[in-house]
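Peer 1: First, the structure itself, so that you have it in front of you.
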Amino acid sequence: MLKVLFFGQIRERLATDQLSLDIAQLPTPLTVKALCEYLASKGEQWRELITTHSCLIAVNQTMANLDTPINGHDEVAIFPPVTGG
């Protein structure tokens, strides 16, 4: 199972902190971009948050780009941009 975690305002707006997804039901080859497209297909609110915000994504606690491959037992974290001082 692929574990997808949501943080910050993304978690609040989606009203969920995580999803467990069966990798067999997802597009192949599975990349960060393909996962984002899949999540965006879940409805307008998902599409708005995943595609119109500058989400940061980490795979197994390492920052990822759209071409990063995802495997069946990975942990993917999606969170809003962070600012600090």
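Peer 1: If only Cα atoms are counted, what is the Rg of region 25-71, and what is its Dmax, in Å?
Peer 2: Taking only Cα atoms of region 25-71, I get Rg and Dmax of 10.6, 28 Å.
Peer 1: Also, quick follow-up: Apply 1/(1 + (r/R0)^6) to the Cβ-Cβ distance of Gln25 and Phe79, taking R0 = 25 Å, and write down the FRET efficiency to the nearest 0.05.
Peer 2: Working: r = 24 Å, r/R0 = 0.96.
Efficiency, from the Cβ-Cβ distance: 0.55.
Peer 1: Computed from these coordinates, which is Kirkwood radius over Cα pairs in Å: (i) 15.6; (ii) 12.9; (iii) 14.6?
Peer 2: The value computed from this structure is option (ii).
Peer 1: For the chain, what proportion of DSSP beta bridges, expressed in % and rounded to the nearest 5, is antiparallel?
Peer 2: 75
Peer 1: Using a Gaussian network model of the chain with C-alpha springs under 10 Å, which one of Ala15, Ala40, Ala64 is most mobile by mean-square fluctuation?
Peer 2: Result for the chain, Cα springs under 10 Å: Ala15 fluctuates most.
Peer 1: Quote to one decimal, in nm, the extra length available between Leu5 and Gln61 on full extension: 0.36 nm per residue of separation minus the C-alpha distance between them.
Peer 2: Going from the current span to full extension adds 19.1 nm.
Peer 1: So, with +1 on the Cβ of K and R and -1 on the Cβ of D and E, and no other charges, what is the size of the charge dipole of the chain about its Cα centre, to the nearest 20 debye?
Peer 2: 80
Peer 1: OK, next. For the chain, which trypsin sites (Lys or Arg not before Pro) are in a loop by DSSP, counting at most 12 other Cβ atoms within 10 Å?
Peer 2: Listed in order of number, the matching sites are Lys42.
Each value in this text was obtained by applying a stated rule to the coordinates, not by laboratory testing. Quantities reported herein were computed from a predicted structural model and do not represent experimental measurements. Glycine also receives a Cβ, built like all others from the backbone with ideal geometry; neighbour counts cover every protein chain displayed.
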